[in-house]
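Everything below concerns the one structure shown next.
We did not get these values from a lab; they are worked out from the coordinates using the rules stated. It should be emphasised that the depicted structure is a prediction, and the values quoted were computed from it without experimental measurement. Here the Cβ is made from the backbone with ideal geometry for all residues, glycine too, and neighbour counts use every protein chain on show.
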Amino acid sequence: MEYRKLVCELDDHIGSILERQITDTAHHHCGGFVDADRLAGTQGVSAVASLGYAYLLSESRHHRSVELLERILLAADFARRQRRPSGCFDLLSTNFDSAPDTAFTVGAIAPVVVEARRHTDDEGSRAIAEALGELVQTAAPGMMAGGFHTPNHRWVLVAALVQAQMLYPELEVLPVVEAYLGEGIDINADGEYIERSTGTYNAIVNRALIRIAQVLTRPELLEPVRRNLDLSFHLLHADATVVTSISKRQDRGTRVVPRGLADGYHAMAHIDGSGFYAGVAAWLTADGGGLVCLPNYILNPQWRDEAVYPEPPPPSYNRVYPVSGLWRVRREQVSATAAAGLTAPFSAVSGAAELTAVKASSTFFATGQFVGEDFAATDTGVRMRHRGRNSIYPEHDYRGGIYWLPIDEAVDADNWREVRGRRETYALPPLEVALEIAAVAGGFDLHWRTTGGVDGVPFQIECVFAPGGIFETETALVEGTAGQTAFLKSGYGLYRVGADAIRIGPGAFAHAMWKMRNSEVDAGGYRVLIALMAPAEHTLEIRCGRWSDAAGGWCQD
């Protein structure tokens, strides 16, 4: 992550930013940056940071460009005209007069002010420091008074406030800062923040905590960052994409390379002198996206000439995170995830072939969709159990099959739910499902076993593949199209994308429920169903390997 290479990348990026800026002086939003929704909101002023770096850094080919200076000042003037009386900005897609969204913008432009103040010999640099600094200074009262929505907002606000005070010591932000920090950092012993947002918000929290720690000289705030970075590495697949099935935010289910994490790894590589962190940062940005690390060099100029040599991250591991209910295994190109608390307790990747979810469900009332509980490590993997809770009726912790009995009360539409929780019930025992997952040669065994309930309940194991591959059995060859479903009636099925393949089986065909009631049907994937009847005991074998027509077909890793 060389400083000068990042400046070159910055230079290549400038043209696309300038194209988005409105320069018509008669336009109401002159100086704003147009986003994908064709809107020019004040929160978009964050884009001015790249223009500022290009103007200020001597290594840039745009160094002290008159055009860039004009564009920067135009953007600052736009922000002054459009900001709310509180000094805060809007996020037009959802938040208005928003302290946290203002904090994101302050976090982007404050380092520009820091760098501009270093160039006192240049009138343009002084103008940038004054224009953008005024936005930071006037935003501070609004950020102190305004609140937040999501857990990460707190740390973004604190980071923005301490950076504002660093630039303007007269700002009295510390009472608010201490109030937020007094809540404690929302991280568990495994290194997970509350939002579990591996694709987006974990990176934002790490970035904020690093800046707070450096400005306030509180190195203890770096400890949660280290824990989260260590966990995040173990959630990366061989292609540097990350497990997002555990996220509680909008990144859930996406397949992304979390380049936003790179600046956290990069900063901690310098702070700790860690070749491992440097190696992960380099891996995440191997195909671009390194500009996220440039503010590290702005805020820590001594790093520009310091080299932390990257070490190749280990390609294989087996880690259990008991507090989070996670198990992660990687063997070179193959990786797998087991997770408690989700309707998709298992997933696996073999190169380009992706088994996005293995699920299980039954028709036993509204209790059938498997969600893992009682997560525990075993010698070869992990085990979980589904207790048969009925989540449709929240007024009581119902388990199993429930029928309600008459009650000596008046019942109407307004009190129906309230009264229902007081009724006596006729109950059937819960249908529990145990799942034990074991790492074996070439893949994984998932052993399912039902207990309780009643006999003769339809049950299914559902394997969901990312669309775009080919599914092959002994007698069929079909395209793996999104929204399509197949039954694996017997034997084994092979799903392949190019030369990468995942084999599943054996199949079973005790019923033909294409969309089992109360199950979770994923219309975005290619579904393969194994149909059973409870009581059921079935071991799903998942094997990862390669496919070659020239070599005669399937070759297990």
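See the values below:
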| item | result |
| --- | --- |
| Neighbour-count order for 105, 451, 217, fewest beta carbons within 10 angstrom listed first | 217, 451, 105 |
| Local net charge near residue 125, Cβ-Cβ under 11 Å (Lys/Arg +1, Asp/Glu -1) | -1 |
| Estimated FRET transfer efficiency (residue 188, residue 249; beta-carbon r; R0 22 Å; 0.05) | 0.85 |
| Cα centroid separation, region 1-23 to region 161-175 (Å) | 30 Å |
| Geometric extent, Cα atoms of region 218-307 - Rg, Dmax (angstrom) | 13.4, 40 |
| Magnitude of the charge dipole, the chain, Cβ model with Lys/Arg +1 and Asp/Glu -1, debye to 20 | 680 debye |
| Of every Cα-Cα pair in region 247-366, the percent that sits beyond 26 Å | 36 percent |
| Debye log10 I(q)/I(0) at q = 0.08 Å⁻¹ for the chain, Cα point scatterers | -0.66 |
| Cα convex hull of region 152-252 - mean projected area over all directions, nm² | 6.7 nm² |
| Neighbour-count ranking [beta-carbon atoms within 10 angstrom, fewest first] of 222, 135 | 222, 135 |
| Stokes-Einstein translational diffusion, region 278-347 - Kirkwood Rh over all Cα pairs, 1.567 mPa s, 4 °C, in µm²/s | 86 µm²/s |
| DSSP beta bridges in the chain [antiparallel fraction, %, rounded to 5] | 95 percent |
| Kirkwood hydrodynamic radius of region 160-218, Cα pairs, Å | 12.7 Å |
| Average projection area in nm² (convex hull over Cα atoms of region 51-158, one quarter of hull surface) | 7.1 nm² |
| Relative packing of peptides 71-77, 201-207, 329-335 - highest average C-beta neighbours within 10 Å first | 201-207, 71-77, 329-335 |
| Footprinting exposure proxy for 526, 265 (fewest neighbouring C-beta atoms within 10 Å first) | 526, 265 |
| 0 to 90° range, to nearest 10: angle between helix 123-145 axis and the chain longest Cα axis | 50 degrees |
| Net charge contributed by nearby residues that have their C-beta within less than 12 Å of residue 270 (K/R +1, D/E -1) | -3 |
| Relative contact order for the chain, counting Cα pairs under 8 Å that sit 6 or more residues apart, in percent | 8 percent |
| Rounded tilt (10° steps) of 66-82 against the dominant C-alpha axis of the chain | 70 degrees |
| Region 3-184 - convex hull of the alpha-carbon atoms, volume per residue in Å³ | 123 Å³ |
| Convex hull (Cα only) mean projected area of region 84-220, reported in nm² to one decimal | 9.1 nm² |
| Bins of 10 Å from zero: percent of alpha-carbon pairs in region 424-471 | 17, 34, 29, 15, 5, 0 |
| Computed P(r) (all Cα pairs; region 412-516; 10 Å bins; percent) | 10, 31, 27, 15, 11, 5, 0 |
